[in-house]
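I have placed the structure first, in the form of structure tokens, so that the comments after it can refer back to it.
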Amino acid sequence: MAIKVMLVNGGPHKNGTTNRALDEIEKALTEDGIEVGRFWVGAKPIAGCIGCQYCATHEGECTFHDVVNEFNHIAADYDGFIFGTPVHYAAASGATTSFMDRSFYSQALGGVNIYPFKPAASVVVARRGGCSSTFDQLNKYYTIVQMPIISSSYWNMVYGNSAEDAEQDAEGLRTMRVLGHNMAYHLKCQKAGEAAGILPPAPEPAARTNFIR
Ligand SMILES: Cc1cc2nc3c(=O)[nH]c(=O)nc-3n(C[C@H](O)[C@H](O)[C@H](O)COP(=O)(O)O)c2cc1C
């Protein structure tokens, strides 16, 4: 069966800088025989998580029936994920944050988690500043749900104010290609391991302690 990686454009521009960075990753993945899915979060407002816990009793469905539920259904079928965002005020775009908060939270609470043990990576683009903090921000989503993070030869950032600008960032585009090849390599190793009977560890019983108890 084909190995599939989902590339998410969390920026407001369908064909903007984030999309250009993801194109470069797609080329590398395709070269290595990986099937690629693309998802754009769109340019309409995306509500943030309101902590209503609806997802906990509705198999991971979010109470807002929008692009997040649409994505969760499609994403369940994928083996790896790369989330891309433009930098907005030295952080991920508001849409990316709302989208990822609700996708990761609803899946975890709904107990139909599409994410654990699937490799993930973040891609950030900016005109000038804030890439490192944004990169750290996105990587937090993966490390709370047991997703191995795939790295590249530099932190995954591309500079530019537009897709055309990004063409000039040779190092950034190289970083994207290396990331794509590394993701393909990791997934092939993981699938070979699974075929040889190496499976993720059995989950430990939950232990949930808040600071006040
Ligand atoms: C609301 C807003 C805030 C931004 N903040 C930053 C910033 O903090 N640092 C920066 O370098 N660029 C900033 N930018 C510029 C974008 O990161 C840049 O134009 C990027 O290439 C857009 O990617 P996209 O085409 O995928 O949306 C900001 C843009 C917007 C719309």
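The values are calculated or read from the model by the stated rules, or taken from the named source; none is laboratory data. Everything numeric in this text was worked out from a predicted model, so none of it was measured. Counting neighbours? That spans all protein chains shown, and the Cβs are built from the backbone with ideal geometry, glycine included. Keep in mind that these areas ignore ligands, DNA and RNA; they rest on the heavy atoms of the full protein, side chains included. Shrake-Rupley method; radii C 1.70, N 1.55, O 1.52, S 1.80 Å.
Applying the condition of being within 15 Å of the ligand (Cβ to nearest atom) and open to solvent by 30 Å² or more (accessible area, probe 1.4 Å) to the stretch 33-51 and asking which residue is nearest to Arg177 (Cα to Cα) yields Arg38.
Residues in the stretch 17-32: is at least one part of a loop (DSSP other than H, G, I, E, B) and exposed (fewer than 14 other Cβ atoms within 10 Å of the Cβ)? Within the stretch 17-32 (the criterion being part of a loop (DSSP other than H, G, I, E, B) and exposed (fewer than 14 other Cβ atoms within 10 Å of the Cβ)), the answer is no, since none of the residues qualifies. Picking from residues in the stretch 158-198 that are more than 16 Å from the ligand (Cβ to nearest atom), within 22 Å of Thr30 (Cβ to Cβ) and of a type in the set (A, V, I, L, M), the one that is surrounded by the most Cβ atoms within 10 Å (Cβ to Cβ) is Met183.
Give Tyr142, Tyr105 a once-over and let me know the one that is within 12 Å of the chain's Cα centre (by Cα), outside any loop (DSSP other than H, G, I, E, B) and away from the ligand (no atom under 16 Å from the Cβ). Walk me through it before giving the result.
Values: Tyr105 fails: within 12 Å of the chain's Cα centre (by Cα).
Checking each option against the conditions leaves just Tyr142.
Taking the criterion of being farther than 22 Å from Ser153 by Cβ, over 13 Å from the mean Cα position of the chain (by Cα) and hydrophobic (A, V, I, L, M, F, W, C), the residues of the stretch 4-48 that qualify are Ala43, Ile46, Ala47.
Considering only residues of the stretch 61-80 that are in contact (Cβ under 8 Å) with a residue 60 or more places away in the chain and out of contact with any helix residue (DSSP H, G or I) (no Cβ under 7 Å at 6 or more places or on another chain), which is nearest to Val36 (Cα to Cα)?
Step one: filter the stretch 61-80 for residues in contact (Cβ under 8 Å) with a residue 60 or more places away in the chain, giving 71, 74-75, 77-80.
Now drop any that are not out of contact with any helix residue (DSSP H, G or I) (no Cβ under 7 Å at 6 or more places or on another chain), which leaves 74-75, 77-78.
On the way: Ile74: 12, Ala75: 11, Asp77: 12, Tyr78: 9 Å.
Checking each candidate, the answer is Tyr78.
Taking residues in the stretch 188-210 that are within 23 Å of Ile150 (Cβ to Cβ) and assigned to a loop (DSSP other than H, G, I, E, B), and partners anywhere that are open to solvent by less than 100 Å² (accessible area, probe 1.4 Å) and among the small types (Gly, Ala, Ser), the pairs with Cβ atoms closer than 9 Å and at least 6 places apart or on different chains are Ile198/Ala192; Leu199/Gly193. Of all residues in the stretch 153-165, those that are at positive phi and at pLDDT 95 or above have Cβ atoms under 7 Å from Cβ atoms of residues that are part of a helix (DSSP H, G or I) and within 14 Å of the ligand (Cβ to nearest atom), 6 or more apart or on another chain, in Gly160/Thr17; Gly160/Ala166.
Results for (1) touching a Cys at 6+ places or on another chain (Cβ under 8 Å); (2) open to solvent by less than 50 Å² (accessible area, probe 1.4 Å); (3) within 12 Å of the ligand (Cβ to nearest atom), shown as yes or no for each residue.
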position	(1), (2), (3)
Tyr78	no, yes, no
Phe81	no, yes, no
Phe99	no, yes, no
Gly111	no, no, no
Tyr115	no, yes, no
Ser133	no, no, yes
Asn156	no, yes, no
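Among the residues of the stretch 83-97, count how many are surrounded by fewer than 24 Cβ atoms within 10 Å (Cβ to Cβ) and in contact (Cβ under 8 Å) with a residue 60 or more places away in the chain.
Qualifying residue count for the region: 2.
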